[in-house]
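Asker: Sending over a structure as structure tokens; questions will come in a sec.
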Amino acid sequence: MSEANAAAEAGRIATVGAPSKTAAPSASGSRPDPARLLRVALPLGLFALVVLGWERYVVAWEVPHYILPAPSRIMQTMIADWPVLWASLLQTLKTTFLGLALAVAGGVGLAVLLSLSRLVEYSLYPYAVVLQVTPVVAISPLLLIYMPQEAAVLTCAWIVAFFPILSNTTLGLQSVDRNLLELFDLYGATKPRWAPPWLGRFLSRVKALWYLRRPAALPYFLAGLKIAGGLALIGAVVAEIAAGSAGAGSGLAYRILESQFRLNIPRLFAALALLSLTGVVIFLALSAVSHLLLRRWHESAIAEER
Amino acid sequence: MSAIQARTSPPPSESPPAEGSSRGAGLVALRGIDKTFANGTLALSGLDLDIRENEFVSLLGPSGCGKSTALRILAGLIPASRGDVAWIGGGTAEDHRGEIGFVFQEPTLMPWATVADNVFLPLRLRGVSRRDAADAIASSLDLVGLSKFAHAYPRELSGGMKMRVSIARALSLRPRILLMDEPFAALDEITRFKLNDDLLRLQREFGCTVVFVTHSVYESVYLSTRIVVMAARPGRIVAEIPVAAPTPRSEAFRTTPLYAALCREASAALHGAMDGAMDGAMDGVMDGAMDRAVDRAADAGPVGAHADL
């Protein structure tokens, strides 16, 4: 039995001997993996099947295009109306990413403040929760009264994207190994001689924040960012719809409203398809960022490589 | 910063190996330590312990006897309720923090950092630059035999290797005293024996004092120059057993009559300590377990199995 154990140990050491080789991300991507291929092929096949059935149904039953346009007609509209749709898409993207960027800045900034001071945590966190649980659809009409339209739309996107980042980052900043924090007490509690004790304590907190809590919180932050990316788009669309009902706007959601009023259903579908696609692309992009940042050490990213 | 570098410079082989019988100069002492936790538990009561230079002291006791608490108080991680930690030559725990290395039961590594960065951590926190720390990191990794793995991540290492990194990190500040809190308890026996030998070699080459918390009789006898047996409820010292065996020890030591006798003595002390705590409720069970343990220590049987490593 001892021999078996020793052999196992030797095996482990041998595989560790070349960490750079085993950790190469392209290793699994370069050779075609049947399971992986199936995971891409199956949903695509289903999509093709549904689109084909839809097309056949519309043609066979002669459904008028203002009730249900055929996929081919939606595609034609997408191409024909591209200048309008593209401008609207850019507008919506601008709102989404600006909202997301502000949510990241605000969420991370506030989470850091909360982790540094209990007083700040107790005073502010309840309001962050209130902001989160109040439906943004209900807030947006109010915002439109007090703010210029663009600012109101942006604020909506910010409000919904802000909370997942705040709560996840806060959780991440708190989920540091207790023993590692003790190690910091042991090694990091050196303060400049001139500093008063409270400043020394503050400085060692900042050190622990930078060297321990920041990297420990990264996976949590990235998970929050993935949720927030999708929510920022939803927030932007909700606000645009609210603004659109007031007769103003230029984003994709406004195009949807406008198409509905004019019974331009093919364009409505085209705008909707673009919105979905945008959401998917945002999710995939943020997932890729997350994987890139965590692939060397975090379990979530490592499981994917196997 | 310069103090750290000054301490990194002397070659490790310079210091003489500590003989079991020799008495070093005093280093640090716990005097009349009481510790009551916030929930009212009396963890330690009237603890007195002197640690001398180049000693290897084991704190041996059942779980809940406050041995880890005593170690934490010694490190200045938690305050004592009464009594004090007296460093020979004066100064508070704060002043001596750079001289203390601490190893936890778990490796407690930063998963996002490479092995070298993990070992660099205490130096970095002391304000040493990466370039100035390079030698200290390399020599610490060399001491634990992990030089080749400087750029590996913790997840790529086995449990024993992670523990070695943890030890290398504790050594990176060139501590005068190494405090270890059941560092090998979670490892399999083979790895534990290997690390026991490595730890002895390390202490010999490096010449530092070690205070080692364990609940294993065999481990404490094999490693120590002195065993301090503790009892629970409240945590206190019930026996001190000097281990007068020659110090460059090897697996052969486990086959000697002295080893068996010491195991028996430590077990008996531990046994007495546990009898008091159990109030008879668990006596039957514990008696059986302890007797078997003592028999195993006295037998040459398991020792043969170790010798072929």
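Read the figures in this text as sums done on the coordinates, not as results from a lab. Values in this document were obtained by computation on a predicted structure and should not be read as measured data. Glycine gets a Cβ as well: all are built from the backbone with ideal geometry, and neighbour counts include every protein chain shown.
Asker: Could you give each residue of region A:174-184 its phi-based ³J(HN,Hα) in whole Hz, using Karplus coefficients 6.51, -1.76, 1.60 with θ = phi - 60°, and x for Gly or Pro?
Answerer: 8, 9, 9, 3, 4, 5, 5, 5, 5, 4, 5
Asker: With r as the distance between the Cβ atoms of B:Thr36 and A:Leu199 and R0 = 30 Å, compute the FRET efficiency 1/(1 + (r/R0)^6) and round to 0.05.
Answerer: Details: r = 31 Å, r/R0 = 1.03.
The calculated FRET efficiency here is 0.45.
Asker: Here's something else I'd like to know. Projecting each Cα onto the charge dipole of region B:92-218 (Lys/Arg +1, Asp/Glu -1 at the beta carbon, about the Cα centre), which of B:Phe120, B:Thr209, B:Ile100 comes out farthest on the positive side?
Answerer: Looking along the dipole axis, the top candidate is B:Phe120.
Asker: Another question, if that's okay. Pull out the extension gain between B:Ala25 and B:Ala138, defined as 0.36 nm times the separation in residues minus the alpha carbon to alpha carbon distance; nm, one decimal.
Answerer: Here the segment from B:Ala25 to B:Ala138 would lengthen by 37.6 nm.
Asker: Can I ask one more? List the residues whose amide H sits under 5 Å from the amide H of B:Thr247, counting only those 5 or more places along or on another chain, with H placed 1.01 Å from N in the peptide plane.
Answerer: Residues meeting the amide H criterion: B:Gly20.
Asker: I would also like to ask the following. How large is ³J(HN,Hα) for each residue in region B:74-81, as worked out from phi by the Karplus curve 6.51 cos²θ - 1.76 cosθ + 1.60 (θ = phi - 60°), to whole Hz, x for Gly and Pro?
Answerer: Going residue by residue, I get 4, 7, x, 6, 10, x, 7, 6 Hz, with x marking Gly and Pro.
Asker: Same structure again: Restricting attention to region A:54-90, which chymotrypsin sites (Phe, Trp or Tyr not before Pro) occupy a DSSP loop and are surrounded by at most 12 other Cβ atoms within 10 Å?
Answerer: For chymotrypsin sites (Phe, Trp or Tyr not before Pro) across region A:54-90 that sit outside H, G, I, E and B with at most 12 neighbouring Cβ atoms in 10 Å, the list reads A:Tyr66.
Asker: Let me ask something additional. Dividing the convex hull volume of the alpha carbon atoms of region B:64-122 by its residue count, what do you get in Å³ per residue? Display every interim value, and only then the final one.
Answerer: Working: hull volume 6.6 nm³, N = 59.
Normalising the Cα hull of region B:64-122 by residue number yields 111 Å³.
Asker: In what order do A:Leu116, B:Leu171 fall by count of nearby beta-carbon atoms within 10 Å, going from fewest to most?
Answerer: A:Leu116, B:Leu171
Asker: Given labels modelled 7 Å from the Cα in the Cβ direction, how far is it in nm from A:Val206 to B:Ser129?
Answerer: Roughly 2.1 nm, to one decimal.
Asker: Using θ = phi - 60° and the Karplus form 6.51 cos²θ - 1.76 cosθ + 1.60, what ³J(HN,Hα) does each residue of region A:79-92 get, whole Hz, x for Gly and Pro?
Answerer: Coupling constants for region A:79-92: 5, 5, 8, 3, x, 5, 5, 4, 4, 5, 4, 4, 4, 5 Hz.
Asker: Just list whichever of B:Lys148/B:Lys194; A:Lys226/B:Lys162; B:Lys35/B:Lys162; A:Lys94/A:Lys226 have alpha carbons separated by over 23 Å in the model shown.
Answerer: A:Lys226/B:Lys162; B:Lys35/B:Lys162
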